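Please treat every number below as a calculation from the coordinates, not as lab data. Small disclaimer: the values here were computed from a predicted structure and weren't measured. Note that each Cβ is placed from the backbone with ideal geometry, even for glycine, and that neighbours are counted across all protein chains shown.
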């Protein structure tokens, strides 16, 4: 997959303030509901006009697919505009995916690629294709604050079933030297996709993404047009194009060319500015009393939605968890009341919570289905809109583009009749690949194993196996049943987050992804920028209809909601059961429910990959040629813990294996074991991928058995705490 060109905090990312030229200003902010509805009409009209011109691109070489990206058809004679880094070089074979999933063959032509100036062209034979062609626009007359829409095949082309181009809405934040800055969210795979004004004219080509969803750039169509003749004649120009031609462009490594997105100041007219939220405030009037906050151990973990006036609330199950009895609900009027978990809908990741208060009757709009491009508003707990976005896809069942989903780390195939007969005529799959560093391999599963059940679901295909895994969050422990020598064996596996290969981080420090992001069935996908602790509440349209409940923050470009019809059906099922008596669910004991690291010798290694992560931002990351670690440690409330089973009492020296740059060094952290707390400070290393061992003292283990070891921050953070590779406990007596 082609990355949307980006720079992360570990790779020379820079955000510079600048003041664009000040044109004659016309206020494009949303003044009231009528203005929002007018904007919605224009978005829907524009996307209907241009979406058919938006294509997916798969660049091929002699070994098969090389990369993928997006593009826009700009002429009836078969020319496509895309990004230069998608083309890479002239005369490569291309497979073109039209909006309906049909394909054509083409060739890369020329390109211009120099930092943020990034455009290229592809040609194909249009014979037999009824093409939709985008009109080429211009930056003339556009200004800061203007609304724009963008299309792309985010995280690659989904083929089975085919996913059309994904719509995003944003504002033009500035134009400087042939480069647009905008806050329409983009990520890998969007490279080369079109940016359009609300009259449906192509004004830019998606190029670069920064660290956060609102930090994105595109090459202006004016600059692309100035290079069009050269590109059509296969010229490859620009400093990055030269590096690519010489084989020196390290797209995926730590030494890639520095690129700076010149982001406007905080005064720029971002989509989520307060003036816009005030303008649509009346849309949430009816939903305010249905919106609550859910707190566990004194910290908000998600929003909740009133399910029934008799005191039932639904929230996101994977965020609420099952281990703490300290569960509080903040009602719309500010009252804090205790809650009890009553039931969990595993399929939808919903937990039903009972409180003692009577509530306003909920009013789900089960007969309202928002159209593509409809403006959708997320309700805040303050009685006003929290954020808004647009519906990005028609009805959608999450697929391969969910890069933040939980991960087992196996490839499997269907078993043959002969293989099934060898295992008692059971259905199951044969594991073909089990990398040793992935969750399944670490748990002891092996290539050739016959697996019959994953997380309580009988599996006969790779697709069924994947679906069973996606119904659980990264960090959860699931049971896998394999048969060996005619006997069933239960293997417990702690799922990890899907490894990130390259491109903009899907879960960002300011807007982290949810713990569970997939496996819900059909969803409403919208481009509202939310935090993981802001999902679980109502989603409304501009008429105030409650059309859904937010269920996941998925990545930097999208959030998912369950439709009101799906939510109401789940509530009806639960309420029918509750009439027979709703008893609180038993809590899980962390010492019994986790996977213990068993001591085997004097040295115990607590690896990042086996940690349980508590918090909205901290995450497990595994990148090629870099030690796995816990990174994005920017929230002082986040922490990691391990369950350890000691086989020998005594004293153990504790060392933390960490990396930290000079500007973040010296921050305090704590390692706790029972009533013992060791304090340490991070130490500088060469960079975030250079780890060193930092000794912080010793603990005394009084007796054999299980215990929990936790690593927490020691106070407020001035930057990322550290990247944590793991902890070593060495017995000294």
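Here are some notes:
- Computed over the stretch 267-324, the Cα gyration tensor eigenvalues convert (square root of 5λ each) into semi-axes of 29, 18, 8 Å, ordered from largest to smallest.
- From least to most packed, judged by other beta carbons within 10 angstrom and beginning with the fewest, 87, 302, 664 follow the order 664, 302, 87.
- Cα extents of the stretch 491-583 along the three principal axes, largest first (Å): 50, 48, 21
- Three principal axis extents describe the C-alpha atoms of the stretch 406-497; from largest down they are 35, 22, 19 Å.
- The Rg/Rh ratio for the stretch 63-118 is 0.95, where Rg is the radius of gyration of the alpha carbons and Rh is the Kirkwood radius.
- P(r) tail for the stretch 298-379: Cα pairs beyond 16 Å make up 56% of the total.
- Given (i) 81, 27, 23; (ii) 41, 32, 27; (iii) 52, 34, 23, the label whose value is semi-axes √(5λ) of the Cα gyration tensor in Å derived from this model: (ii)
- Using only the C-alpha atoms, the convex hull of the stretch 590-731 corresponds to 104 Å³ per residue.
- For the stretch 590-731: relative contact order, % (alpha-carbon pairs under 8 angstrom, 6 or more apart): 35 percent
- Neighbour-count order for 121, 722, fewest beta carbons within 10 angstrom listed first: 121, 722
- Gap separating the Cα centres of the stretch 653-725 and the stretch 88-106, nearest whole Å: 50 Å
- When both the stretch 321-372 and the stretch 470-506 are represented by their alpha-carbon centers, they are found 28 Å apart.
- Principal axis analysis of the Cα atoms in the stretch 641-690 yields extents of 39, 20, 18 Å, listed in decreasing size.
- Evaluated over the Cα positions of the stretch 126-238, the convex hull gives a direction-averaged projected area, one quarter of its surface, of 8.6 nm².
- Protection-proxy order for peptides 673-681, 485-493, each taking the mean of Cβ atoms within 10 Å per residue, highest first: 673-681, 485-493
- Degrees between helix 564-578 axis and first principal axis of the chain (Cα, 0 to 90, nearest 10): 20 degrees
- Rounded to the nearest 500, the 222 nm mean residue ellipticity of the chain from helices alone is -3000 deg cm²/dmol, with -39,500 (n - 2.57) taken per DSSP H run of at least 4 residues.
- Per-residue Cβ neighbour rank within 10 angstrom, fewest leading, 575, 438, 182: 575, 438, 182
- The Rg/Rh ratio for the stretch 373-424, using Cα coordinates for both the radius of gyration and the Kirkwood hydrodynamic radius, is 1.34.
- Across the chain, the mean sequence separation of Cα contacts (distance under 8 Å, 6 or more residues apart), normalised by length, yields a relative contact order of 11 percent.
- Angle between the chain longest axis and helix 33-50 axis [Cα atoms, degrees, rounded to 10]: 70 degrees
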